[in-house]
Amino acid sequence: MKKLSFLIPVVAVPVVLLLMSNHAGSPGGRSGSPGDNGNTCTGCHTGTANTAFAWITTNVPTSGYVAGQTYTITATGTHQGVVRFGFELTVEDSQGNKVGTLQITDPTRTKLVNGNKAVTHTANGINPSGNSNSWSADWVAPTGVQGNIGIYAAFNAANGNGSTSGDVIYKSSTFIAPYVPPPPALVSIVPSEANQGESLQVTITGSNTNFTGSPEVSLVNSQLPLESINASGVTVISSTVLQAQFNIPALASPGLWDLWVDNLVLTESFTVNLISGTADPITAVTKVYPNPATDRIFIENVKGKEIRMFNLAGQNLLSELASSEKQTIDISNLPRGVYFVKINSGNSEEVRKLIIK
């Protein structure tokens with residue numbers, strides 16, 4: 001468990017310190033916090049509380065506090081010619097509710113007040129060192145708090161004349177935020193390439209992921225999003241590592257592919273290599289022309305195959321079974337734009353990009 005030296009500044013927690021002429025400590029409810037209705041030592045001492053900056057510090061990391069962790073809060077006041085220095089500090093949420101658990105680490109100089117919801121000085125904790133005085137305490141971060149937390153403190157720089165006049169009151173605050181873990185993401189796929197027609201097992205690594213059960217794993221062509229290859233088998237190794245088996249079709253489009261695991265994507269992370277001697281295998285099997293087209297297209301070598309056409313939104317605009325080796329398709333009712341022609345023979349699937357102008 002981490003400890004926060006009770007430096008009054010706490011990341012996202014308002015704390016108020018009161019310096020009080022009452023040498024035995026503040027009676028409570030005088031930290032200057034919203035939950036204390038802004039009350040400080042001026043309730044007993046004359047004058048208006050002065051705002052001091054950076055008098056409260058903590059060891060809460062800049063990334064934020066973690067519920068259940070213990071941190072140290074330190075309050076330090078400075079005033080020229082001070083004779084006695086006292087304080088009260090508390091921690092509240094944005095609604096003014098006291099949050100977390102304050103713990104005394106120096107019982108000789110500090111104690112709990114206000115129902116253990118604030119820290120103040122004891123009679124042995126009022127003597128300054130030169131012109132300043134400092135106190136620390138631990139604070140256990142709460143669970144279920146929304147938004148930032150404020151640490152508030154009020155201080156009394158007393159002149160030691162035995163009365164409530166002539167003392168100078170200060171107030172200070174600092175704020176800390178809860179730790180928010182980064183979102184889950186895919187980090188790598190190894191190996192990151194394969195040849196057309198190759199079968200391989202890959203290892204996929206994530207960050208802040210929680211892989212369980214049977215994740216859906218696939219490769220999607222970066223340029224032709226309707227062309228995809230689903231993993232034939234997936235094994236979860238840990239919450240951040242899984243293995244997947246892929247069978248790359250012989251007619252898979254060469255180039256860059258995106259890796260998908262459920263709703264997470266690692267773009268252009270996998271490469272399908274063209275096998276030497278089989279240049280443009282899709283063209284050798286199926287011809288789609290003209291491209292760009294205006295009112296009709298011709299597709300060759302497709303008899304008995306299912307032909308479908310999609311727009312960029314993935315909407316299926318056309319579906320028909322080719323009755324001849326050279327199929328004519330009327331596209332005159334389609335607006336200009338980019339489309340995908342998907343040809344399925346049952347055992348394999350081809351996707352071609354089509355531009356209508």
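Things to note:
- The residue list Leu259, Leu242 contains one member that is under 38 Å from the mean Cα position of the chain (by Cα), touching a residue at least 40 places away in the same chain (Cβ under 8 Å) and assigned to a strand (DSSP E or B), which is Leu259.
- Residue satisfying all of: in the range 252-269; crowded, with 18+ Cβ neighbours inside 10 Å and either outside the structural domain of Pro191 (by TED's automatic domain parsing) or among the small types (Gly, Ala, Ser) (or both); nearest to Phe211 (Cα to Cα) among these: Ser269
- Criterion: more than 45 Å from the chain's Cα centre (by Cα) and at pLDDT below 90 - qualifying residue of Thr328, Thr286, Thr294: Thr286
- Where a residue in the range 321-340 is on the phi < 0 side of the Ramachandran plot and its partner, wherever it lies, is surrounded by fewer than 11 Cβ atoms within 10 Å (Cβ to Cβ), with Cβ under 6 Å and at least six apart: Ser332/Asp295; Arg336/Lys357
- All of (1) in a helix (DSSP H, G or I); (2) among the β-branched types (Val, Ile, Thr); (3) modelled with pLDDT of 95 or more hold for Thr42 with one exception: (3).
- Residues that are in contact with a Phe, Trp or Tyr (Cβ under 8 Å, 6 or more places away or on another chain), among the polar types (S, T, N, Q) and part of a loop (DSSP other than H, G, I, E, B), drawn from the range 75-114: Thr105
- Test for Ala153: is it within 30 Å of Ile73 (Cβ to Cβ), out of contact with any helix residue (DSSP H, G or I) (no Cβ under 8 Å at 6 or more places or on another chain) and surrounded by 20 or more Cβ atoms within 10 Å (Cβ to Cβ): yes
- Members of the range 100-117 found to be closer than 16 Å to Thr58 by Cα and buried (at least 21 other Cβ atoms within 10 Å of the Cβ), listed by number: Gly100, Leu102
- Some residue of the range 299-320 being free of Cβ contacts under 8 Å to residues at least 40 places away in the same chain and under 30 Å from the mean Cα position of the chain (by Cα): yes
- Residues of the range 320-349 classified as among the polar types (S, T, N, Q), part of a strand (DSSP E or B) and over 15 Å from Ile297 (Cβ atoms), total: 1
- Options Val168, Val190: the member that is without any contact (Cβ under 8 Å) to a residue 40 or more places away in the chain, farther than 25 Å from Leu112 by Cβ and of a type in the set (A, V, I, L, M, F, W, C): Val190
- Whichever residue in the range 131-144 is surrounded by fewer than 20 Cβ atoms within 10 Å (Cβ to Cβ) and under 23 Å from the mean Cα position of the chain (by Cα) and, among such residues, is nearest to Pro107 (Cα to Cα): Val140
The values are calculated or read from the model by the stated rules, or taken from the named source; none is laboratory data. Computed from a predicted structure; not experimentally measured. Cβ atoms come from the backbone with ideal geometry, glycine included; neighbour counts cover every protein chain shown.
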